[in-house]
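S.K.: Mind having a look at this structure? Questions to follow.
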Amino acid sequence: MVNRPETLAIPRVVIGAPASSTGKTTVAIGLMAALAARGTAVTGFKVGPDYIDPGYHALACGRPGRNLDPWLCGTERIVPLFEHGALTPAPADAAVVEGVMGMFDGRLGPWPDGTDDPVGFGSTAHVARELGAPVVLVVDTSHASRTSAAVCAGMAAFDERVTVGGVILNRVMSPRVADEIEAGCARFGLPVLGRIPARDRVRVGSRHLGLVTADEQGERAGALVERAGGLVAEHVDLDAVLGLASTAPALPYAPWDPAEQLARVGAGAVIAMAAGRAFTFRYAETAELLEAAGCTVVPFDPLHDEQLPPGTAGIYLGGGFPEIHATALAANGPLRARIAAAVDRGMPVVAECAGLLYLCRSLDGLAMTGALDLDAAMTPRLTMGYHEATAAADSFLLRAGETVRAHEFHRTDVEPGGSAGPLTPAWTVGGQRREGVVAAPAGGEASVHASYQHLHWAGCPRLAERFAAAAAAFS
């Protein structure tokens, strides 16, 4: 029997901000890269459901980027998931947690239990409290001087359970302006840990759903991470940041273990997991759970691979940007035909958002797999938000009436094709809207579950067990 320690002590810091677009992501990535360049084994996390930033975290840290989302995973899993990421694949020396939006911004409205808490549920401040981690504020100083100090002071005082331990001034226009802000922060005991000049901005690039993903940037992504690391190393006191991180107290030792979440029922069944530039949205824990359930997870690239991995018995099509790569996806006719044939044979398929679009007959008029008689198209309307989603029908993945927490984020819509009969929805979202599709092309139990809802399977590990069992039965 292995003796487990009672606590886990890992220096950690949360990167917060008064609002989005302050340079929080650049500073977080740069801090990870700068520490890694000094030989520190650093692990990166992102607050919330965002898949894009963790891709850059992975490049900076050389290990999977992970998410900490109290809504999708449950508040009780934040510390265990943090510890899992800090220990996997090897113990880290320090952790950097990138926040989301403004520091106190989370799910709108009261907390799920009705609590009237000063911070938003799932916010940066919420996660910082759970981790007992000090916060470093990143402040865009390009439009104010001492007022920036007042903003920092107000944020530090807003919730006494959150420790704001320092400030990084970003987009600094001149040393004189920075001196003014630093003097103002000093009045409230807030040390300035760095001054990043406005002239040295790192531009990652963005579009309709956020930053351009690291996978799509190719070699440029590595150069961006390296440049961000050099920028932070030059203008931020790394020793002071690590000193602040080391003030975080030890946590009770309780790392999340995928093997403890489910039974090993997969019998080695191969799950083909979409990857490549068009399918970048997936949580690291999804593959870990499927492997813990006894499956073999093999990535494939729908842009280039003409075959599914040998022995495929189940397909996972996560999120991404098929609308950007629709022409190339349409050009890969052999794979489209093989996926449609696999669906027709009753192979279990899970598709989230981009995966739903890829299963459609067309996307913006270009041919997709045709596994579902639906047509998809870009729209000017952004659909975004956290939901409670209730399974509207039985499938291999869920039983009708089961409820999970989900997140939705897209600018596309789907409509039934010309020959489509009545479609069985996958979900009832928010108690009224019906969304997604479950289908049983081969008859019997529904073998396709496709919708816009993104789920974090660490919050509902039974899904991995059911997927593994269905794949084993199919194989």
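The values are calculated or read from the model by the stated rules, or taken from the named source; none is laboratory data. Since the model is a prediction, treat every value here as computed from it, not as a measurement. FYI the Cβ positions are ideal-geometry reconstructions off the backbone, even for glycines, and counts take in every protein chain you see. Heavy atoms of the whole protein, side chains included, go into the accessibility calculation; ligands, DNA and RNA do not. Shrake-Rupley method; radii C 1.70, N 1.55, O 1.52, S 1.80 Å.
S.K.: Calculate, for Arg176 and Ala263, the FRET efficiency according to 1/(1 + (r/R0)^6) with r their C-beta to C-beta distance and R0 51 Å; round to the nearest 0.05.
M.R.: The computed FRET efficiency comes out at 0.20.
S.K.: Here's another thing I want to ask about it. FRET efficiency for Ser246 and Arg411, Cβ-Cβ distance as r, R0 = 56 Å, nearest 0.05?
M.R.: Numbers: r = 43 Å, r/R0 = 0.77.
Plugging the Cβ-Cβ distance into 1/(1 + (r/R0)^6) gives 0.85.
S.K.: Continuing with the same structure: Need one number: nm distance between label points at Ala150 and Thr115, each 7 Å from Cα along Cα→Cβ, rounded to one decimal.
M.R.: About 3.2 nm, to one decimal.
S.K.: Near the amide H of Ser395, under 5 Å away, which other amide H atoms are found, from residues 5 or more places off or on another chain, if H is placed in the peptide plane?
M.R.: Correct list: Ala400.
S.K.: Calculated from DSSP H runs of 4 or more alone, at -39500 (n - 2.57) each and per residue, what is the 222 nm mean residue ellipticity of the chain, nearest 500?
M.R.: Numbers: 15 runs with 146 residues, N = 475.
Helix-only estimate at 222 nm: -9000 deg cm²/dmol.
S.K.: If you don't mind, another one. Give, rounded to the nearest 20 debye, the magnitude of the charge dipole that region 217-317 has about its Cα centre when Lys and Arg contribute +1 at Cβ and Asp and Glu contribute -1 at Cβ.
M.R.: Details: 5 positive and 13 negative charges, 50 e Å.
About 240 debye.
S.K.: Just order 120-132, 69-81 by mean Cβ neighbour count inside 10 Å, highest at the front, would you? Walk me through the numbers before you get to the answer.
M.R.: On the way: 120-132: 23.8, 69-81: 21.1.
The peptides rank, most packed first, as 120-132, 69-81.
S.K.: By DSSP, what percent of the beta bridges with both residues in the chain are antiparallel, rounded to the nearest 5? Don't skip to the answer; put the middle values down first.
M.R.: Working: 33 of 76 bridges.
Of all bridge pairs located within the chain, approximately 45 percent are antiparallel.
S.K.: Place +1 on the Cβ of every Lys and Arg and -1 on the Cβ of every Asp and Glu in region 369-475, take the dipole about the Cα centre, and give the residue among Leu397, Gln453, Tyr386 whose Cα lies farthest towards its positive end.
M.R.: With unit charges placed on the Cβ atoms, the residue in question is Tyr386.
S.K.: Ok, one more. Please list 9-17, 299-307, 336-344 highest first by mean number of surrounding beta-carbon atoms within 10 Å per residue.
M.R.: Values: 9-17: 24.8, 299-307: 16.9, 336-344: 18.6.
The peptides rank, most packed first, as 9-17, 336-344, 299-307.
S.K.: Turning to a different aspect of this structure: Can you grab the distance from the C-alpha centre of region 225-269 to the C-alpha centre of region 424-475, Å, no decimals?
M.R.: So the two Cα centres are separated by 31 Å.
S.K.: Please list, ordered by chain and number, the residues whose modelled amide H lies under 5 Å from the amide H of Val164; skip anything fewer than 5 residues away on the same chain.
M.R.: HN-HN under 5 Å from Val164: Val135.
S.K.: Can you give me the % of accessible surface on the chain that is carbon or sulfur? Probe 1.4 Å, all protein chains present, nothing else counted.
M.R.: Working: 9480 of 18270 Å².
Roughly 52 percent, rounded to a whole number.
S.K.: Simple spin-label model, 7 Å along Cα-to-Cβ: Ala223 to Thr424 in nm?
M.R.: 5.1
S.K.: What share of the DSSP beta bridges in region 258-474 is antiparallel, in percent to the nearest 5?
M.R.: Working: 27 of 45 bridges.
Around 60 percent of the beta bridges assigned by DSSP in region 258-474 are antiparallel ones.
S.K.: If you count only protein heavy atoms with a 1.4 Å probe, what accessible area per residue comes out for the chain, rounded to a whole Å²?
M.R.: Details: 18270 Å² over 475 residues.
Roughly 38 Å² per residue, with all protein chains present.
S.K.: Have a look at Ala240, Leu68, Ala157 and report the one farthest towards the positive end of the charge dipole of the chain, computed about the Cα centre with Cβ charges (Lys/Arg +1, Asp/Glu -1).
M.R.: Farthest towards the positive end: Ala240.
S.K.: Specify which residue in the list Thr7, Leu59, Val47 is farthest towards the positive end of the charge dipole of region 5-78, using unit charges on the beta carbon of Lys, Arg (+1) and Asp, Glu (-1), about the Cα centre.
M.R.: Leu59
S.K.: For Asp117, what residues show an amide H to amide H distance below 5 Å, using hydrogens built from the backbone and excluding near sequence neighbours?
M.R.: Trp111
S.K.: How large is the dipole of region 227-386 about the Cα centre if only Lys and Arg carry +1 and Asp and Glu carry -1, each at its Cβ, rounded to the nearest 20 debye?
M.R.: Values: 9 positive and 17 negative charges, 94 e Å.
The calculation lands at about 460 debye.
S.K.: Can you tell me the dipole magnitude for the chain around its Cα centre, using point charges on the Cβ only (Lys, Arg +1; Asp, Glu -1), in Debye to the nearest 20?
M.R.: Computed about the Cα centre, the dipole is about 560 debye.
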